[in-house]
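Read through the structure below, which is laid out as structure tokens, and then see the notes.
The values are calculated or read from the model by the stated rules, or taken from the named source; none is laboratory data. All values reported here derive from a predicted model rather than from experimental measurement. A quick note on method: Cβ atoms are made from the backbone with ideal geometry, for glycine too, and the neighbour counts reach across all protein chains shown. For the accessible areas, the whole protein counts, side chains as well, though only heavy atoms, and no ligand, DNA or RNA atoms are used. Shrake-Rupley method; radii C 1.70, N 1.55, O 1.52, S 1.80 Å.
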Amino acid sequence: MANTAKIPVPVATPETLHFWEGTKSGELRLQKCDECSHVYFPPRPFCPGCASRKVSIFKASGKATLYSYVINHRPHPAFDGPYSIAVVELEEGPRMMTNIINVDQTPEALILDMPLEVTFKPLSDDIHLPYFQPGGATS
Amino acid sequence: MKPNSVAIVGAAETTELGKIPSLSQLQLHADAALNTLKDAGLGLSDIDGVATAGESPTNVAHYLGITPTWVDGTSVGGCSFMLHVRHAAAAINEGLCETVLITHGESGRSGIGRGMFRGGGGASLQGQFESPYCAMGPPTIFTIPFLRYMKETGTTLEQLATVAVIQREWAAMNPRASFKDPLTVEDVMNERMIAYPFTKLECCLVTDGGGALILTAAARAKDFPHKPVYILGTGESVETPMISQMEDMTTSKAFRVSGAKAFAEAGISHSDVDHLMIYDAFAHLPFYGLEDLGFCRKGEAAGFIEARNTAPGGQLPLNTNGGGLSYMHSGMYGMYALQESVRQLRGTAPAQVDNASISVCHGVGGMFAASGTVIMGNAIP
Ligand SMILES: [Zn+2]
């Protein structure tokens, strides 16, 4: 990608601060319910499975697979050419949006269910954004 | 809602559709409202309920000079008008008002007098966990689930293109459709790529326009100039504002919940349905709609369309105005789907389906975020 200055920068809230503190220190953090073991994303201080407020933050493996995507062909100032907008499935279960980077942005190179691993790029002093790239085959 | 208790007695679109730089968005609401009042033979003072989306009901009521006893500003995207029909029926049954005006107007193409896009900003969940990945509006978000759907169902890109080809056949019969020239599968697939795998012709139009409906109690419905269109059953639901958080990208939970509720209320089976509208902002939506409403089994919708079941002359005419792909799409298309269902049940559609007596009209809001379903009939069963 060409220009991270053109990317809309997330604004953390009290409920999501742990996530952004994590990415800044190179960790992808998820939450897990202490009552029913449900692992979930995006962050919130209660379990969307059982409504328990007893939840824990933990470091995810950073491994994922490619669930679905498009390749945007319209120009965007942050990118040099067509780029993927993807949803990945984390090894722990939750899914998240991302761009798949460090790989050709073509249907031939982006194969559903291919193994991916997280990597981080700074957008500002406080916000480091998680991206995914090929690698890190899940066990 | 109580089935069969409420009817649509007025329905009309704006005088023009397409590119209308001479009218602000608010005036598009008013133009549609005035045409609909005329259609119903009513005056402004007859209206005591107002519902709208994309514009506040306060703005619309004041601009038209209506003092309502009931308003609904439910705004969950392009299917909001399906939800307004449902809520209006409940309000009329409860005695909160007698005669409801539902309006839509959108300067989607010209952007005249258009309010700011809503959106949560950088601190919303979308702002934090989706926007930084530089999606550029619906063509790059609504389309994300389809590669997963293709892999799970074996659906092909040729079959996706076929949706646009067949809807163009319907549009060719409609003088008000934006695009009427015939298309081939090759034409669709060779068009400019917008967001792989979707080409330009698999994405909706962007136009200006509006439409409005008037509803009242079924007991009064025969006193109006046009054949009443009775509300047989309705449904609504929401799933997630974030496409990345859909439970399953091969099916919409909001579609399934809304559709099942509407069919249960109406007490009809799928074989009773003569005419179907499925909000088609993009060419994959009819696949999801046909399967999630129960017309097709999982993975069979593309073959069903390819076999011309939904084409002119087919057993289940679908998107007979040409749809969002060929008729018009202002941004919140649900109103135009409802208008086409009303025309079909009145017997006044340009591409009229023979003996259409039950129509299912199914809308989507946001990007698989919300859904509303209205089942209508031209007789009380
Ligand atoms: Zn739990």
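Quick notes
- Nearest 10 degrees, 0 to 90: helix B:334-346 Cα axis against chain B principal axis: 70
- Chain A - charge dipole about Cα centre, Lys and Arg +1 at Cβ, Asp and Glu -1, debye rounded to 20: 320
- Electrostatic tally near residue B:61: other residues with Cβ closer than 12 Å to its Cβ, Lys and Arg +1, Asp and Glu -1, net -3.
- In this structure segment B:178-319 gives 37 Å² per residue of accessible area when probed at 1.4 Å with all protein chains present.
- Size of the A/B contact, given as accessible area buried on both chains, probe 1.4 Å, in Å²: 3100
- Cα-based helix-to-principal-axis angle, B:25-40 vs chain B, degrees rounded to 10: 60
- Karplus (6.51, -1.76, 1.60) ³J(HN,Hα), θ = phi - 60°, over segment B:370-380, in Hz, Gly and Pro reported as x: 9, 8, x, 10, 10, 9, 10, x, 9, 8, 7
- Distance-filtered residues of segment A:17-40 - backbone nitrogen under 20 Å, label point 7 angstrom along residue A:50 Cα→Cβ: A:30-40
- Model label sites at residue B:93 and residue B:223, defined 7 Å from Cα along the beta-carbon direction, differ in position by 2.2 nm.
- Only helices enter the 222 nm calculation for chain A: every DSSP H run of n ≥ 4 contributes -39,500 (n - 2.57), and dividing by all residues gives -1500 deg cm²/dmol, rounded to 500.
- Gyration tensor verdict on segment B:291-334 (Cα atoms; rounded if a/c is under 1.5, prolate if a/b is larger than b/c, oblate otherwise): oblate
- Shown for chain A: the carbon plus sulfur share of the solvent-accessible area, taken with all protein chains present and a 1.4 angstrom probe, equals 49%.
- GluC sites (Glu not before Pro) within segment A:86-125: DSSP coil, no more than 13 neighbouring Cβ in 10 Å: A:108
- R0 of 45 Å, Cβ-Cβ distance residue B:206-residue A:112: FRET efficiency to nearest 0.05: 0.90
- Whole-number percent relative contact order across segment A:17-134, with pairs defined as alpha carbons under 8 Å at least 6 apart: 24
- Euclidean distance between Cα centres, segment B:321-381 to segment A:60-139, Å: 38
- Using heavy atoms of the protein chains and a probe of 1.4 Å, the accessible area assigned to residue B:173 is about 80 Å².
- Euclidean distance of C-alpha centroids, segment B:40-74 and segment A:36-51, integer Å: 41
- Per atom type, chain B shows carbon and sulfur on 53% of its accessible surface, probed at 1.4 Å.
- Filter on B:38/B:222; B:2/B:222; B:227/B:253; A:6/B:253 - keep pairs with C-alpha separation over 28 Å: B:227/B:253; A:6/B:253
- When chain A is treated as a Gaussian network with alpha carbon springs shorter than 10 Å, the biggest mean-square fluctuation among A:55, A:103, A:88 belongs to A:103.
- Placing a pseudo-label 7 Å from each Cα along the Cα-to-Cβ vector at residue A:17 and residue B:355 gives an inter-label distance of 6.9 nm.
- The trypsin sites (Lys or Arg not before Pro) found in segment A:1-103 that occupy coil by DSSP, while having at most 14 further C-beta atoms within 10 Å, are A:53, A:54.
- Mean separation of Cα contacts under 8 Å (6+ apart) over length of chain B, as relative contact order %: 26
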